[in-house]
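Down below is the structure, laid out as structure tokens.
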Amino acid sequence: MLDLQGFYENRIFPRMLNVADRAFRRERAHLLGEAAGDVLEIGIGTGNSLEYYSQQMTSLTGIEPHKGLLEQAQARLQALDVRLAERVTLVEGDAGQLPFADDSFDTVVAFLVFCTLPDPARAAAEVRRVLRPGGRLLFFEHVQAGTRSLARWQQRCNPLWRHLACGCNLNRDTRRTFEAAGFQIRMLSSYRHPKILLPLVAPVILGEAGLSPSASA
Ligand SMILES: C[S@@+](CC[C@H](N)C(=O)[O-])C[C@H]1O[C@@H](n2cnc3c(N)ncnc32)[C@H](O)[C@@H]1O
């Protein structure tokens, strides 16, 4: 029997991600160029970030639970410059249960992923666990709007959106999730993305967080 949901998730949705990604080139260049040392990218998807990492990145581990997306990232990796590709490892797995020892990474990247994680608080705690003392969490996420009327519309439309966008949520307060996990926001730009035409998804945050002294003790 034709598996319509599987077809949508494996064929249509990845294409939509790749097309939508054109809007985010500026943010990728800005954020991923900053990623240094041993880097973990959670929810790496089809590997849209891969080409943006700089020489500052010593090693990159990309984790992704969706097999179909991970295969696309793998194919993209083959096409990259070998000097970059040989520093990259792609792993099938869940950000809520990271298969890495404590203090494994200098940088963790979250690019449009906390909207989709089934348990964002748990993933934030896992990110905190695997970051080395002094490590950085670099993030770009679409989030709950700061204005009440738009936030209300996000709330109303969320059930349908979540269904259409493979688990993505319009109404996450990701900054609060990071702070509740013990992160200190060190840099934050909060804006409506000029290239996202759908207002429900336009509120975004771009920034950097580190462990607050009490959390890393
Ligand atoms: C909107 S897509 C963004 C993909 C990629 N970060 C990008 O920028 O193109 C959200 C990603 O989160 C992944 N994801 C969903 N649940 C996850 C989990 N439990 N752990 C890690 N990643 C997850 C999805 O499979 C998908 O790749």
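Each value in this text was obtained by applying a stated rule to the coordinates, not by laboratory testing. The model shown is predicted, which means the values in this text are computed figures rather than measured ones. Glycine gets a Cβ as well: all are built from the backbone with ideal geometry, and neighbour counts include every protein chain shown.
For segment 182-200, name all the residues that are touching an Asp or Glu at 6+ places or on another chain (Cβ under 9 Å) and farther than 18 Å from PHE24 by Cα.
Looking only at segment 182-200, we keep the residues that are touching an Asp or Glu at 6+ places or on another chain (Cβ under 9 Å), and these are 185-188, 193.
Within segment 182-200, ILE185, ARG186, MET187 meet the criteria.
Restricting attention to segment 74-109, which residues are of a type in the set (Ser, Thr, Tyr) and part of a loop (DSSP other than H, G, I, E, B)?
Quick first cut of segment 74-109, residues of a type in the set (Ser, Thr, Tyr) only: 89, 104, 107.
Once the filter is applied, which keeps residues that are of a type in the set (Ser, Thr, Tyr) and part of a loop (DSSP other than H, G, I, E, B), segment 74-109 yields only SER104.
Among the residues of segment 99-119 satisfying the criterion of being more than 9 Å from the ligand (Cβ to nearest atom) and surrounded by 15 or more Cβ atoms within 10 Å (Cβ to Cβ), which is nearest to GLY62 (Cα to Cα)?
Quick first cut of segment 99-119, residues more than 9 Å from the ligand (Cβ to nearest atom) only: 99-108.
Cutting the leftovers down to surrounded by 15 or more Cβ atoms within 10 Å (Cβ to Cβ) gives us 100, 104-108.
Values: PHE100: 12, SER104: 13, PHE105: 12, ASP106: 14, THR107: 12, VAL108: 10 Å.
Filtering first and then ranking leaves VAL108.
I'm trying to understand the selection: among the residues of segment 168-214, which are small (Gly, Ala, Ser) and exposed (fewer than 13 other Cβ atoms within 10 Å of the Cβ)? Walk me through it before giving the result.
Just the residues of segment 168-214 that are small (Gly, Ala, Ser), to begin with: 180-182, 189-190, 202, 207, 209-210, 212, 214.
Passing the criteria: SER189, SER190, SER214.
Where in segment 145-217 are there helices (runs of 4 or more DSSP H), lying fully within it, with 1 or more residues that are within 16 Å of the ligand (Cβ to nearest atom)? Before you say what the answer is, go through the steps one by one.
Working: elements: 148-164, 174-180, 213-216.
Output list reads 148-164, 174-180.
Output the residues belonging to segment 26-73 that are assigned to a helix (DSSP H, G or I), crowded, with 20+ Cβ neighbours inside 10 Å and touching a Pro at 6+ places or on another chain (Cβ under 9 Å).
Within segment 26-73, LEU69, GLN72 meet the criteria.
Looking only at segment 10-50, how many residues end up being within 9 Å of the ligand (Cβ to nearest atom) and in contact (Cβ under 8 Å) with a residue 12 or more places away in the chain? Give the steps one after another, and end with the answer.
First pass over segment 10-50, keeping only residues within 9 Å of the ligand (Cβ to nearest atom): 13-14, 17-18, 20-21, 24, 28, 41-49.
Subset that is in contact (Cβ under 8 Å) with a residue 12 or more places away in the chain: 13-14, 17-18, 21, 24, 28, 41-49.
Number of matching residues: 16.
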